[in-house]
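All remarks here apply to the structure that follows.
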Amino acid sequence: MLNKTNIMQRFDPYTSYVWTYVLTLRDVRNVGVLVFTVIVLLISWSGVKSIQTNYGLQKQIAQLTQENQVQNLENADLALQNQYLNTPQYMEITARENLGLGAPGETELLVSNDVAAAYTVKQPGTTTVASAVPKQPLWQRHFEAWIDFFLHRDPATN
């Protein structure tokens with residue numbers, strides 16, 4: 001059980017240390033050193049805070065500078081697009097595609113898709129390969145694919 005005497009006995013070594021320190025404060029030199037230490041700590045703390053604030057501001061400046069550069073590049077891109085849209089070549093292409101207009105003296109030929117397809121040439125390598133896989137139910141194809149996977153077989157060689 002804690003009572004007043006037990007508490008006082010526990011704090012006796014500390015109280016004697018505190019009293020000896022307080023008694024040293026009677027000397028003006030010790031008080032001066034203590035005041036100087038407090039002032040140095042306050043100035044250091046203020047310096048650290050100002051450095052931290054400056055660092056945060058520098059990060060904001062760098063971010064805003066990058067955003068400004070990106071916006072300038074987007075503006076330059078839009079200016080180039082506007083220049084292209086004002087060229088006679090673009091106007092001619094737009095008139096041909098959207099309005100069906102042509103240059104003076106040109107004749108427009110309308111050809112149906114089946115006639116146009118009859119006169120096209122098939123490109124090599126575009127032939128479709130018929131699937132050699134026999135028609136099986138979906139579950140059977142999945143089952144065989146798993147068996148091939150677990151037995152490390154190549155399904156293309158089956």
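The values are calculated or read from the model by the stated rules, or taken from the named source; none is laboratory data. A quick note: this is a predicted structure, and the numbers were derived from the prediction, not measured. Positions of Cβ are generated from backbone atoms using ideal geometry, with glycine treated the same way; all protein chains shown enter the neighbour counts.
Observations on the model:
- Among the candidates L41, L73, L80, residue that is within 27 Å of the chain's Cα centre (by Cα), modelled with pLDDT of 90 or more and of a type in the set (A, V, I, L, M, F, W, C): L73
- Scan segment 83-96 for residues that are modelled with pLDDT of 85 or more and either of a type in the set (D, E) or more than 41 Å from the chain's Cα centre (by Cα) (or both) and the total you get is 2.
- Among the residues making up segment 59-110, those that are surrounded by 10 or more Cβ atoms within 10 Å (Cβ to Cβ) and in a loop (DSSP other than H, G, I, E, B) are T87, L101, G102.
- Taking residues in segment 100-126 that are farther than 28 Å from Q89 by Cα, and partners anywhere that are of a type in the set (F, W, Y), not one pair has Cβ atoms closer than 7 Å while being at least 6 places apart or on different chains.
- Look at segment 26-48: where a residue is part of a helix (DSSP H, G or I) and a partner is surrounded by 10 or more Cβ atoms within 10 Å (Cβ to Cβ) and hydrophobic (A, V, I, L, M, F, W, C), sitting 6+ places away or on another chain with Cβ atoms under 6 Å, you get V31/L25.
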